[in-house]
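Q: Handing you a structure now.
The values are calculated or read from the model by the stated rules, or taken from the named source; none is laboratory data. The shown structure was predicted, so the numbers you read here are calculated from the model rather than taken from an experiment. Every residue, glycine among them, receives a Cβ derived from its backbone with ideal geometry; neighbour counts consider all protein chains shown. Surface areas here come from the heavy atoms of the whole protein model, side chains and all, with no ligands, DNA or RNA. Shrake-Rupley method; radii C 1.70, N 1.55, O 1.52, S 1.80 Å.
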Amino acid sequence: MKKVITYGTYDLLHYGHIALLERAKALGDYLIVGVTSDAFDKNRGKLNVQQSVVERIEAVKKTGLADEIIIEEYEGQKISDIKKYNVDIFAIGSDWQGKFDYLNEYCQVVYLKRTEGVSSTALRETQNPIVKIGLVGLANPTERIIQESLYVSGMEITAAYNSHVAEASAICEKYNIELYSDLENMLQNVDAVYINSLLPEHVTLIEKALNNECHVLCESPIFMNKSDADRLFDLAEKKQKILFEAIKTIFFPAFEHLMLIVNSGTIGSIRDIEVSCSHIPEDLNEIKNEKYKGSMYDWGSIALIPIIKILGTEYEYCTMFDYEKAGFNYFVRGLLKYKNATAVFKVGKGIKTEGQMIITGTKGYIYVPAPWWKTDYFEIRYEDLRSTKKYFYRYEGEGFRYELLEFIKMINQNRRESYLYSQKEIKSIVGIIEQFEKEEVEKLNS
Ligand code: CTP
């Protein structure tokens with residue numbers, strides 16, 4: 001019996017896929033189809049796949065052409081599959097011409113002519129027209145967002161608003177972005193905005209964007225008080241638009257997995273979380289009169305994310321020690337008390353500490369080394385050190401692409417809540433920012 005194997009993502013299965021499977025099958029007597037896992041596609045930078053692996057397998061199954069379906073999970077798996085299943089022929093579309101010649105050592109490699117005029121990419125684009133995004137504010141990290149947006153299909157950064165046109169023209173020219181000095185004018189020419197400005201400006205900007213029928217992705221902290229959050233989330237609902245806070249940490253593959261492990265009870269019940277973020281910026285002297293560039297505004301939401309996501313939104317109280325120098329908040333140590341757990345966060349701007357995270361459970365703990373907020377690695381440790389488990393998850397670029405992707409998916413699916421960061425969680429963190437803003441803190445001046 002001649003065995004043939006072929007691989008693909010098979011997103012939104014189309015006649016090009018079916019034609020390939022038919023011809024692959026005709027090369028032998030038994031066809032094995034490898035369908036990529038969601039994590040494998042994500043890892044190799046294919047971020048735009050619409051259907052889950054379960055849906056894609058189901059579609060391949062329905063063609064009736066596959067005698068066996070397997071999941072492709074890692075690089076290098078093809079060699080091991082060919083040996084394991086005693087494969088005679090490896091077949092793949094001609095878009096891969098030459099790329100799999102190395103498999104000739106293990107079986108015959110056949111490139112089949114690709115069907116013209118159809119692809120999953122094209123189908124995704126017809127299903128969901130490209131989302132045109134306008135930038136509001138061009139300070140850090142906007143340029144990195146522009147660079148990473150090039151890897152996210154389904155969106156394009158087409159415009160930017162800056163009242164000081166001269167300042168912004170270089171970056172806009174570099175990336176071929178149209179620069180507007182009038183916000184309303186820009187809003188009429190885009191579908192969504194990415195807001196990166198000082199916290200007190202967020203409310204007005206978000207409101208304007210929503211009233212101009214634009215979706216909004218806004219840097220954290222998104223609001224300085226809960227009533228603004230309630231009001232504008234209601235407006236977004238009324239307008240049927242997405243309003244979302246940009247915190248890239250949540251979407252890092254390692255962080256996503258860490259949350260699943262914690263929720264699965266592997267380290268028992270969680271009793272404490274310790275989390276720190278700090279940074280000494282080069283321009284510290286220039287910004288130290290700017291209240292909203294202080295540590296709590298810069299890092300607060302990021303540090304609170306794992307606490308609120310793991311221990312929940314129902315903390316009993318939060319105590320904060322606010323270290324200030326000439327009115328600039330350079331360090332905060334906060335304590336959250338829950339019914340059966342505690343959490344400590346430390347945030348610093350112009351002071352340095354170890355940026356790690358430790359999640360303490362009744363059976364063991366999770367250690368995430370610095371910088372935990374853009375982690376690719378963590379360990380689960382138990383009393384017996386030999387039981388330590390180490391996890392590594394690669395991420396692409398600086399991680400912004402995952403957050404952009406979630407935003408675009410929310411728009412396309414008209415899903416106003418993210419599975420990974422709910423409105424309730426956003427509002428709970430806004431509540432702590434509000435407490436800090438109202439100076440319900442213990443102050444230490446130096
Ligand atoms: N294929 C084909 N003809 C097409 C599209 C795909 O023969 N018009 C083949 C590919 O060469 C591959 C298999 O179908 O062997 C699975 O391809 P896949 O990457 O899943 O599909 P694409 O439509 O190419 O997806 P994308 O646009 O996301 O790259």
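Matching residues to (1) part of a loop (DSSP other than H, G, I, E, B); (2) near the ligand (Cβ under 8 Å from one of its atoms); (3) open to solvent by less than 30 Å² (accessible area, probe 1.4 Å); (4) closer than 21 Å to residue 86 by Cβ:
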| site | (1), (2), (3), (4) |
| --- | --- |
| 10 | yes, yes, yes, no |
| 22 | no, no, no, no |
| 25 | no, no, no, yes |
| 32 | no, no, yes, yes |
| 35 | no, no, yes, yes |
| 41 | no, no, yes, no |
| 46 | yes, yes, no, no |
| 49 | yes, yes, yes, no |
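Q: Moving to a separate point now. Taking segment 107-119 on its own, how many of its residues are within 11 Å of the ligand (Cβ to nearest atom), over 11 Å from residue 94 (Cα atoms) and in contact with a helix residue (DSSP H, G or I) (Cβ under 6 Å, 6 or more places away or on another chain)?
A: Number of matching residues: 1.
Q: Something else: Quick one: which strands (runs of 3 or more DSSP E) lie wholly within segment 120-210 and hold at least 2 residues that are without any contact (Cβ under 8 Å) to a residue 24 or more places away in the chain and away from the ligand (no atom under 16 Å from the Cβ)?
A: So the answer is 178-180.
Q: In segment 145-199, which residues are open to solvent by less than 20 Å² (accessible area, probe 1.4 Å), in contact with an Asp or Glu (Cβ under 8 Å, 6 or more places away or on another chain) and either of a type in the set (Gly, Ala, Ser) or more than 21 Å from residue 216 (Cβ to Cβ) (or both)?
A: 149, 154, 159, 160
Q: Residues 428, 446, 418: which one is at pLDDT below 95, small (Gly, Ala, Ser) and over 30 Å from residue 49 (Cα atoms)?
A: The conditions single out 446.
Q: Of all the residues that make up segment 62-100, how many are of a type in the set (D, E, K, R) and either touching a strand residue (DSSP E or B) at 6+ places or on another chain (Cβ under 6 Å) or assigned to a loop (DSSP other than H, G, I, E, B) (or both)?
A: Qualifying residue count for the region: 7.
Q: Here is a follow-up. Report, by residue number, each residue of segment 211-225 that is acidic (Asp, Glu) and either surrounded by fewer than 19 Cβ atoms within 10 Å (Cβ to Cβ) or free of Cβ contacts under 8 Å to residues at least 24 places away in the same chain (or both).
A: 213
Q: Now for a different question. Inside segment 93-106, can you point out the residues that are among the hydrophobic types (A, V, I, L, M, F, W, C) and within 11 Å of the ligand (Cβ to nearest atom)?
A: The answer is 96, 100.
Q: Another question about this same structure. Give the number of residues within segment 413-426 that are in a helix (DSSP H, G or I) and either open to solvent by 50 Å² or more (accessible area, probe 1.4 Å) or acidic (Asp, Glu) (or both).
A: 2
Q: Given the conditions (1) buried (at least 19 other Cβ atoms within 10 Å of the Cβ); (2) within 13 Å of the ligand (Cβ to nearest atom); (3) modelled with pLDDT of 95 or more, which single one is not true for residue 59?
A: (1)
Q: Next question. Considering only segment 297-327, state which residues are in a helix (DSSP H, G or I) and more than 26 Å from residue 351 (Cα to Cα).
A: Scanning segment 297-327 gives 309, 310, 311.
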